[in-house]
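The structure appears below as structure tokens.
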DNA sequence: TGTCTAAACGAACGATCGTGCTATTATCGC
DNA sequence: GCGATAATAGCACGATCGTTCGTTTAGACA
């Protein structure tokens, strides 16, 4: 990897970390350059615009999410076990201990770009739909007798994750993780019944 | 009401509307003044600082939330019916048709101030805890035999609301409302069983 | 090692940010 | 209606924003 590509990755890495809490509008190129101990213009030379940097961050985040949440679960056997693994990886992703990102950047951007059209929103929505589709397929495999309810399952599972992030990051409720796991188990047992 | 108090309310009103989608950092006093067809300094004279304006917005939002969600439900009989009314009002609040706020400002601020200490975060957290406590009490009244599970119920119900906002505002899923209602009914029937 | 190209820098741009100050205008009690 | 006072406007401030420029430093390959 060339020198330029290396620093470009470092920029994206640091920018991604800051974006989790500050959002894409909250990060500044000057502040970023300061965090990386380099000049603002030197940093800017790696991207055509701030929006191009934001898109690069989002693309990198999507890749990391798949790498951290989806992919490792594929080692598990198809069905409930795989679904459970994805959920646990998802909670880990939200906690951010392993990715040192404290929080889920997609939840930050979902708020920021709910009412703001443009290429960033488009990519974000596309990635979210892809994620929901993937979850839906996992649910169909886990509950083959209730394939038509997989979309509803996805809706509720995402809700558990969102509630977890809010309880954990904002309220700082120490029982948030336990509550999320318990909610997931109840959700599962509901779709297993009959 | 004096002239000053009137325009102060208009400022807060417009600022609140913009804050839902842009967040508290995203609103600018210049832009706000432009939207209200008044000078930036004329607007600024009503508040000691931008943060004071933000606090005023949040206080007003809390008051409106109670007025729109909590209070009307008190007309319903104690128990499940009242709990259901609160949930429905909550969904209305998130949709924002009646408050013309498109979206729940608390969800926007929850993201923005998760990792940003200060008086705004303090007030936001306090209001959220109050909201959770209120929901918990409603759940205890609705399911008297499962009083120790009321906190878990609250966690999951908030998750349904969060998932609804995401599906409705970001993904624009037309079945979001139905999914939320269905999730709530399943949640209720779980706590009613036995 | 010398040369060419890539990478980083420093300075400056116009614009906008939040925040003061002073002056002008409108409101309200007598 | 007049005078005191509240409300709004105008202007400028230092700072920071994203962006562009020309220059200098560093890396990569011959």
Quiz prompt | chain B, relative contact order [Cα under 8 Å, separation at least 6], % | solution = 19 percent
Quiz item: Using the 10 angstrom Cβ neighbour count as an exposure proxy, how do B:57, B:66 rank, fewest first?
Solution: B:66, B:57
Quiz item: Helix A:80-95 versus the longest principal axis of chain A: what is the Cα-based angle in degrees, 0 to 90, to the nearest 10?
Solution: 40 degrees
Quiz item: Two-decimal Rg/Rh of chain B from alpha-carbon positions, Kirkwood Rh?
Solution: 1.02
Quiz item: Expressed as a whole number of Å, what is the distance separating the alpha-carbon centroids of the range A:5-46 and the range A:138-154?
Solution: 41 Å
Quiz prompt | Helical contribution to [θ] at 222 nm, DSSP H n ≥ 4, -39,500 (n - 2.57), averaged over chain B, rounded to 500 | solution = -22500 deg cm²/dmol
Quiz item: Debye sum, Cα scatterers, the range B:36-92, no solvent: what log₁₀ I/I(0) at q = 0.20, 0.27, 0.28, 0.30 1/Å?
Solution: -0.73, -1.00, -1.04, -1.10
Practice problem: Express the C-alpha Rg of the range B:1-49 as a ratio against the empirical globular expectation 2.2 N^0.38 Å, rounded to two decimals. | Solution: 1.07
Quiz item: Measuring label to label, 7 Å along Cα→Cβ, what does residue A:42 give against each other copy in nm, shortest first?
Solution: 4.8
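At a Förster distance of 25 Å, what's the computed FRET efficiency of residue B:92 paired with residue A:125, Cβ-Cβ distance as r, to 0.05?
Numbers: r = 24 Å, r/R0 = 0.97.
The computed FRET efficiency comes out at 0.55.
Give me Rg/Rg_expected for the range A:1-116, where Rg uses Cα atoms only and Rg_expected = 2.2 N^0.38 Å with N residues. Show your work: numbers first, answer last.
On the way: Rg = 15.9 Å, N = 116, 2.2 N^0.38 = 13.4 Å.
For the range A:1-116, the normalised Cα radius of gyration comes out at 1.19.
Based on the Kirkwood radius over alpha-carbon pairs, what value in µm²/s does the Stokes-Einstein equation return for the translational diffusion coefficient of the protein assembly as shown at 4 °C and 1.567 mPa s? Walk me through the numbers before you get to the answer.
On the way: Rh = 22.3 Å.
It comes out at roughly 58 µm²/s.
Would you list B:108, A:133, A:70, A:6 from fewest to most Cβ contacts within 10 Å? Could the numbers behind the result be given before it?
Numbers: B:108 22, A:133 13, A:70 18, A:6 10.
Exposure proxy ranking, most exposed first: A:6, A:133, A:70, B:108.
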Quiz item: Over the range B:137-194, what number does the Rg to Rh ratio reach, with both radii from the alpha-carbon atoms and Rh per Kirkwood?
Solution: 1.06
Practice problem: Taking 7 Å along the Cα-to-C-beta vector as the label spot, tell me the residue A:177-residue A:102 distance in nanometres, rounded to one decimal. | Solution: 1.6 nm
Quiz item: How many times 2.2 N^0.38 Å is the alpha carbon radius of gyration of the range A:49-163?
Solution: 1.10
Exercise. On a 0 to 90° scale, report how tilted helix A:150-165 is relative to the longest principal axis of chain A, with both axes built from alpha carbons and the result rounded to the nearest 10.
Key: 50 degrees
Practice problem: Tell me the distances, shortest first, between residue B:68 and the same position across the other copies, using label points 7 Å along Cα→Cβ, in nm to one decimal. | Solution: 3.4
Self-check item: Whole-angstrom Cα spans of the range A:97-194 along principal axes, big to small
Solution: 43, 34, 24
Quiz item: Over the range B:80-130, one equal point on each Cα, no solvent: what is log10 I(q)/I(0) by the Debye formula at q = 0.30, 0.31 Å⁻¹?
Solution: -1.03, -1.05
Practice problem: For helix B:119-142, report the angle its Cα long axis makes with the longest principal axis of the Cα atoms of chain B; keep it between 0 and 90° and round to the nearest 10°. | Solution: 20 degrees
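Since every read-out is calculated from the coordinates, none of them should be taken as a lab result. In this text, all values refer to a predicted model and were calculated from it rather than measured experimentally. We place every Cβ from the backbone using ideal geometry, glycine too, and count neighbours over all the protein chains shown.
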